[in-house]
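Accompanying notes for the structure given below.
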Amino acid sequence: MLINRALLPGFLLLELLVLLQPREALCGDSDLDRLETLVHDELPLTQGLGFPNIASSFYGGLAMGSTQDGVDDVVKAWYMDDDAEEDQRLPHRRHPKDTVPLTRLIDLGIMTLRLDADKHEHDENLTVIRDQRGYLYMGLYIMLFYGHWKDIVELTPEKMPNYEAMIKRFFEEHLHVDEEVRYCLDGSGYFDVRDEDDRWVRVSVKKGGLIIVPAGIYHRFTLDANNYIKAMRLFSGGPDWTAYNRPHDHLPARLLLMMEFIRFHMAHLNIIKQLMTKIYQIALATRITLNKMGEKVSDYVA
């Protein structure tokens, strides 16, 4: 993970700075200012602009109790193993298991919710999501009947010609220039996404789970061993199934996503830098106190 790699040298340097600091007593605001400058100059961390709070902007207006309660029952994530020979529909968990918390998915720009799939035609939370995000549904008949566009697909060997060839096609790594929104109404499937270190994160989505995959992120889809999923597809602006197989790093959607990753981690590094500065100050203040205590003990013994 990017933050972990940046953190380690910083903390090692912090420890060296404390150990190598001259032993003479330091005190006063000027010394603290000097320490602030010292840490700022020495630690290889940069202040960033921060990552937009996508969680609050996305979840705002929803009935949080009903959309987040039990979401981890229908959406789970883990880092995948490297066995490319086994069937893509198997879980491909690492051993030991390397679980990815759903909050970590937010760092990648991936939103997950739990909705009532049995009431999807008249779900108020789904209406809020559609209106807030500007999503459209597909399907002329259902538009006339319900007043909104939507598109519901069923993927199963019995209903899809050339099923095996199609799921292999879905499994090719690609990106889209718009968000990919899937709401699982029945069955289950896997959405694999690349993290910022290019590792595969497998996201399992079952009935009731809604997932939003951001534009520009490399990903792929496969059914699991049950070989069945019924899903609603939602679109922003209009249906666009164009998949840009990797590599397509030059696309604006990809560049914007990478900029968001950088801004997000730079914001975290800035927080870490401030925290490390405080720790450094505390460490030196502790040394000052110990030095003074040592002087008093020496005077008393003398």
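What follows draws every value from the coordinates through simple rules; no lab data is involved. Please read these numbers as outputs of a predicted model, since none were measured by experiment. Glycine gets a Cβ as well: all are built from the backbone with ideal geometry, and neighbour counts include every protein chain shown.
Other residues lying with their Cβ under 15 Å from the Cβ of Lys207 contribute a combined charge of -2, Lys and Arg counting +1, Asp and Glu -1.
For Ser236, the residues whose amide H sits under 5 Å from its own are Leu136, ignoring neighbours fewer than 5 places away on the same chain, with H placed 1.01 Å from N. A simple packing score, the average count of other Cβ atoms within 10 Å per residue, orders the peptides 114-122, 158-166 as 114-122, 158-166, with the highest score first. When each of the peptides 274-283, 257-266, 78-87 is scored by how many other beta carbons lie within 10 Å of its residues on average, the order from highest to lowest is 257-266, 274-283, 78-87.
For segment 246-252, backbone phi angles converted through the Karplus equation (6.51, -1.76, 1.60; θ = phi - 60°) give residue-by-residue couplings of 5, x, 9, 5, 7, 5, x Hz, Gly and Pro being listed as x. Please list, by residue number, everything in segment 158-191 whose backbone N is under 11 Å from a paramagnetic label point 7 Å out along Cα→Cβ of Ile152. Only 185-186 fall inside the zone, counting backbone N under 11 Å.
Placing +1 on each Lys and Arg Cβ and -1 on each Asp and Glu Cβ, with no other charges, gives segment 190-235 a dipole about its Cα centre of roughly 360 debye.
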